[in-house]
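Read the structure below first, then the notes.
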Amino acid sequence: MKIEKAIKVTLEEILIKLKTEFSKIEVEEKEDNTYAVNIESSDDTATLIGHHGETIYSLQHLLKVLCWAKTKSKKEFNIVLDVDNYRKRQEENVINLAERKVDFVRKTKRAQSLPPMSGYFRRVVHLHLMDPKFDDIETESQGEGESRHTIIKLAE
């Protein structure tokens, strides 16, 4: 079974078993064997996302494991699950915050710390700030576990 179809069918089965309303599931192949999946939900957006995204991350993990088993794919693939573009909006907010911190770093020449966030969002920041327009800036992650955060500073 093709990976995109396996993802869509498996997610539909999960949502039906959970008695969760949805209007559409979009699956898009991105780079690095990653599939972006967005559920368009009618009323259950908050339920699907959960507190601080806990439910969406759990659904994503379950979907990935089931699809790996169903496709028996020789190449590994990753799934990034979203509900009504919730994660996309979160990414945009994190990028906006990082860019404001970059402006402050450039003005004050003092390193700035972002709040603790998941590895996924730290990676979003690191990759975004690798753009050539930020060649005077470098980032690093510090801390352990739940308190791991990103430091933005002038490049040495």
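The values are calculated or read from the model by the stated rules, or taken from the named source; none is laboratory data. Note that this is a predicted model, so its numbers are computed, not measured. Every residue, glycine as well, gets a Cβ built from its backbone with ideal geometry; the counts of neighbours run over all protein chains shown.
Structure values in brief
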read-out: Flag if residue 107 is within 27 Å of residue 25 (Cα to Cα) and either among the small types (Gly, Ala, Ser) or not in a strand (DSSP E or B) (or both); value: no
read-out: Meets criteria (closer than 16 Å to residue 122 by Cα and in a helix (DSSP H, G or I)) for residue 95; value: yes
read-out: Single condition residue 126 does not satisfy, out of (1) farther than 18 Å from residue 88 by Cα; (2) out of contact with any helix residue (DSSP H, G or I) (no Cβ under 9 Å at 6 or more places or on another chain); (3) part of a helix (DSSP H, G or I); value: (1)
read-out: Elements of type helices (runs of 4 or more DSSP H) in the range 1-84, at least 2 residues being of a type outside the set (A, V, I, L, M, F, W, C), crowded, with 17+ Cβ neighbours inside 10 Å and not assigned by TED's automatic domain parsing to the domain that holds residue 121; value: 3-17, 54-71
